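Worksheet: the structure to be examined is printed underneath.
The values are calculated or read from the model by the stated rules, or taken from the named source; none is laboratory data. Here the structure is a predicted model, which is why all the values come from computation and not from measurement. FYI the Cβ positions are ideal-geometry reconstructions off the backbone, even for glycines, and counts take in every protein chain you see.
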Amino acid sequence: MRIWLIGITSEGHEEDLRQLIEPIKNDFDGLVWTFHYPTDEGYDYLESVKKEGEIICTKWCNRMDFSRNHCIYQGPMKFGDWFLTIDTLERLSPLFTKNLRDLCKDFDNNKIDGAFLYNKRFLFKLNEHTAFVNNPHEGIHGCTKTIELSHQPFWNKDFQKNVRAERRQDPFHFVEHNFKYYLYPNTNHLLLGFEDDIELVKKRYANRSKFIESIYSQGFDPFNIDSVEECLRNHIDDDLKTCVNFDKFLNDWYRYKILEETEGIIDKHDFSVFKPIFK
C-alpha cells in the first residue's frame, strides 16, 4: 500500500507549502501536486520533497476539479493506493498522519474506500472510477463506502487547522472571493447556503446565465474578472443592472469595487441583507 499527499497550488505559496508539508512529509510515500504556471520557489520546494511522487505543471483554467484530477490521472498513483487531498492553507498534525497507514489498513479491512472531513473531500482509495467533480467546491465520485472522519471516536479537532483567516487581512476579502467563484465555469458556488431553497437557486442560475450572455454580447469575456470589470465599469446596460440588483454576490462586488462602498456589505449568504443599487 502506498499513501500520497496531493494538492494544487500556484506561485507565491512557498512558505505555506513548507508549513503544511514539513511536519508530515515522512508519513507519506510521496507528493503528487498540480502546480499552475509560472513556477517559482514553491515549485522548487515541492520538487525537493516529492520522493516517489510527481509535480505536474499546467495552466490554470478556472476549474478546481480539472486541476485536482491531474494528480490522480497523470501522477504515479496506482489503483489500490490511498491519497489524502489537502489545500495549501490547511495544516495537519503529525499526531494524525503518523497513524495514517494503520488507518488505511483498517479502512481496507472494513471495505471503506473514502473518508470526508467536515463534509469535505479528504482521504480516498484510488480505483478506476475515482474522479473529482464540480467547481469550485469539488466532490468526488467512485467511492462505494465512505465515512465522516470527524465523527470517529479517535478524531481530535486539533488534528486539522485552517489558516485562511490568518492570511486574509482584508475584512472584505469575501466580496472578491464570491465574485471570482461566481464567474468560474460550471460553478456550484451559487448553491452555498441555499441548499434548502432550490427555487431561489434556480433563479440565481437563470440570472447568472443572463449576466454571462450580456457580458459576452458586448464583446467581453464573461469568465475573465478583468474583462468583466471593464464591462461593468464602462459599458453597463439595463440588463446588467438588473442582474446586479438581483444577486448578492454581484451587488456586493459592484458596491465594493466600482462604487467603493463598504456600508451594508455583510459576509452572509443571505438575500435579505442587501439592497438593489439601480432603480
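One residue stands out among those in the range 1-56 that are outside any loop (DSSP other than H, G, I, E, B) and acidic (Asp, Glu): the one that is nearest to Asp102 (Cα to Cα), which is Asp27.
From the list Lys180, Lys210, Lys268, the one residue that fits, being surrounded by 13 or more Cβ atoms within 10 Å (Cβ to Cβ) and closer than 30 Å to Gly12 by Cα, is Lys180. Picking from residues in the range 96-117 that are of a type in the set (A, V, I, L, M) and part of a strand (DSSP E or B), the one that is surrounded by the most Cβ atoms within 10 Å (Cβ to Cβ) is Ala115. On inspection, Val133 qualifies as hydrophobic (A, V, I, L, M, F, W, C) and surrounded by fewer than 18 Cβ atoms within 10 Å (Cβ to Cβ).
So is Tyr45 under 22 Å from Phe159 (Cα atoms), of a type in the set (Phe, Trp, Tyr) and touching a helix residue (DSSP H, G or I) at 6+ places or on another chain (Cβ under 8 Å) or not? So Tyr45 fails the test.
When each of Phe132, Phe172 is tested for being closer than 30 Å to Asp239 by Cα and either aromatic (Phe, Trp, Tyr) or modelled with pLDDT under 95 (or both), the lone residue that passes is Phe172.
Against the definition (more than 23 Å from Trp60 (Cα to Cα) and either at pLDDT 95 or above or not in a loop (DSSP other than H, G, I, E, B) (or both)), how does Lys180 come out, yes or no? No: the conditions fail for Lys180. When the range 257-267 is filtered for residues that are in contact (Cβ under 8 Å) with a residue 40 or more places away in the chain and either farther than 17 Å from Cys231 by Cβ or in contact with an Asp or Glu (Cβ under 6 Å, 6 or more places away or on another chain) (or both), the ones remaining, listed by number, are Thr262, Ile265, Asp267.
For the range 58-76, a residue qualifies if it is of a type in the set (Phe, Trp, Tyr) and assigned to a loop (DSSP other than H, G, I, E, B), and exactly one does: Trp60. The listed residues are Leu240, Leu200, Leu250, and the only one of them that is of a type in the set (A, V, I, L, M, F, W, C), part of a helix (DSSP H, G or I) and under 15 Å from His173 (Cα atoms) turns out to be Leu250. Evaluated against (1) touching a helix residue (DSSP H, G or I) at 6+ places or on another chain (Cβ under 6 Å); (2) buried (at least 19 other Cβ atoms within 10 Å of the Cβ); (3) in the same structural domain as Tyr73 (by TED's automatic domain parsing); (4) touching a residue at least 40 places away in the same chain (Cβ under 8 Å), Phe124 falls short on exactly one condition, (1). Just so you know, in the range 145-195 the residues that are in contact with a Phe, Trp or Tyr (Cβ under 8 Å, 6 or more places away or on another chain) and among the β-branched types (Val, Ile, Thr) include one that is nearest to Thr262 (Cα to Cα), and it is Val175.
Given the criterion outside the structural domain of Thr97 (by TED's automatic domain parsing), polar (S, T, N, Q) and in contact with a helix residue (DSSP H, G or I) (Cβ under 6 Å, 6 or more places away or on another chain), identify the matching residue among Asn188, Asn135, Asn178. Result: Asn178 is the single residue among Asn188, Asn135, Asn178 that is outside the structural domain of Thr97 (by TED's automatic domain parsing), polar (S, T, N, Q) and in contact with a helix residue (DSSP H, G or I) (Cβ under 6 Å, 6 or more places away or on another chain). Of all residues in the range 82-115, those that are within 17 Å of Lys25 (Cα to Cα) and not hydrophobic (A, V, I, L, M, F, W, C) total 12. Assessment of the range 214-228 against the conditions (touching a residue at least 12 places away in the same chain (Cβ under 8 Å), among the small types (Gly, Ala, Ser) and in a helix (DSSP H, G or I)) yields at least one matching residue.
Residue pairs whose Cβ atoms lie under 8 Å apart, sitting 6 or more positions apart in sequence or on different chains, and linking a residue in the range 133-150 that is touching a residue at least 40 places away in the same chain (Cβ under 8 Å) to a partner that is among the β-branched types (Val, Ile, Thr) and in a strand (DSSP E or B), are Val133/Ile140; Asn135/Thr187; Pro136/Thr187. Any residue that is of a type outside the set (Ser, Thr, Tyr), within 14 Å of the chain's Cα centre (by Cα) and either in a loop (DSSP other than H, G, I, E, B) or surrounded by fewer than 17 Cβ atoms within 10 Å (Cβ to Cβ) (or both) - is there at least one of those in the range 161-169? Yes, there is a match, as at least one residue in the range 161-169 is of a type outside the set (Ser, Thr, Tyr), within 14 Å of the chain's Cα centre (by Cα) and either in a loop (DSSP other than H, G, I, E, B) or surrounded by fewer than 17 Cβ atoms within 10 Å (Cβ to Cβ) (or both).
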